[in-house]
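See structure below.
The values are calculated or read from the model by the stated rules, or taken from the named source; none is laboratory data. Worth saying up front: this structure is predicted, and the values here are computed from it rather than measured. With ideal geometry, Cβ positions are generated from the backbone for all residues, glycine too; neighbour counts draw on all protein chains shown. These area figures cover heavy atoms from the full protein model, side chains too; ligands, DNA and RNA do not enter into them. Shrake-Rupley method; radii C 1.70, N 1.55, O 1.52, S 1.80 Å.
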Amino acid sequence: AGLAMLGAGEFARRHPARAIVQADYIPAVVTGAGFLTLFASLYSAYGLYHLIPSLAAFVLLALVALGAIAISLVHGQVMALFGLIGAMIVPALVSADAPMAAPLFGYLAVVAAALGAIARLRHWWITAAATMAAASLWVLLWLAAEPAAPQPAALSLFVVFLAALPLWITAGAADLARRPGVLHLTLPEILVWASGAVVAVLAFTLVRCDLYGLLSLSALFGVAMVFLAGAWRVPAWYGLP
């Protein structure tokens, strides 16, 4: 049923005159319903009826979510946000015997990079902000659940990645000659400043949870270097370091 809805949505997009209901939003609605049906069916097969193992469920759910993100290039920002929600809740839906930071944050980095690339291409700042918020929330949830063993190697790399992501997303929209005041920031500049504040909090929290270990301190240094590099290039980001 889900695949049939995806096919119907694509047919309605390609042949709007032959659609049963004549409206611009019909292809996106039908396509979204198809992804939702696939997502719900796969999770039911895993969580309710135990028909598929956890690894297969994780991979299939992630593919559905990434598919929704990819097709947002055709159907718009709402589809990208729908894919973001699905992709970010997949790790919470599929349980693991022993939580491991590297696979989790590696997966989140792939999702965030895909969404960041689309946001950069389309100038979808809401999608970029939602991506940063969801990825940062996962770091806080991990540190809250594993305060005694945060596995700092994966988290350190991920925090530095989060520091660089909004700078890369908004680089094409940055004015290299403009030096705005605090109350005269554009939406991309607000995104960078807000993300920088959140990433700084994450970096210091990781350092504290890791009891000032070498890896977490290196992450803090890496975040500072990313902010310095951004401020060296864009005047609007001078205050980030």
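State yes or no: is G106 touching a residue at least 40 places away in the same chain (Cβ under 8 Å) and either under 22 Å from A1 (Cα atoms) or in contact with a helix residue (DSSP H, G or I) (Cβ under 9 Å, 6 or more places away or on another chain) (or both)?
yes
Need the failing condition index for D24 against (1) out of contact with any helix residue (DSSP H, G or I) (no Cβ under 6 Å at 6 or more places or on another chain); (2) at pLDDT below 90; (3) in a helix (DSSP H, G or I), just the number.
(3)
Within the stretch 89-96, is there a residue that is modelled with pLDDT under 90 and either in a helix (DSSP H, G or I) or surrounded by fewer than 18 Cβ atoms within 10 Å (Cβ to Cβ) (or both)?
Yes, because at least one residue in the stretch 89-96 is modelled with pLDDT under 90 and either in a helix (DSSP H, G or I) or surrounded by fewer than 18 Cβ atoms within 10 Å (Cβ to Cβ) (or both).
Within the stretch 194-241, how many residues are open to solvent by 40 Å² or more (accessible area, probe 1.4 Å), closer than 22 Å to H123 by Cβ and touching a Pro at 6+ places or on another chain (Cβ under 9 Å)?
Final tally of qualifying residues: 1.
Go through (1) of a type in the set (D, E); (2) at pLDDT below 90; (3) crowded, with 19+ Cβ neighbours inside 10 Å and name the single condition D175 misses.
It is condition (3) that D175 fails.
Identify all residues within the stretch 114-137 that are farther than 12 Å from P188 by Cα, of a type in the set (A, V, I, L, M, F, W, C) and surrounded by 19 or more Cβ atoms within 10 Å (Cβ to Cβ); write none if there are none.
A114, L115, I118, A130, M132, A135
Going through V111, V59, V74, V78 one at a time, which residue ends up being open to solvent by less than 20 Å² (accessible area, probe 1.4 Å), assigned to a helix (DSSP H, G or I) and of a type in the set (V, I, T)?
Result: V111 is the single residue among V111, V59, V74, V78 that is open to solvent by less than 20 Å² (accessible area, probe 1.4 Å), assigned to a helix (DSSP H, G or I) and of a type in the set (V, I, T).
Note down all Cβ pairs under 6 Å where the first residue falls in the stretch 89-100 and is touching a residue at least 12 places away in the same chain (Cβ under 8 Å), the second is open to solvent by 70 Å² or more (accessible area, probe 1.4 Å) and assigned to a helix (DSSP H, G or I), and they're at least six residues apart or on different chains.
Close Cβ pairs satisfying both conditions: L93/Y43.
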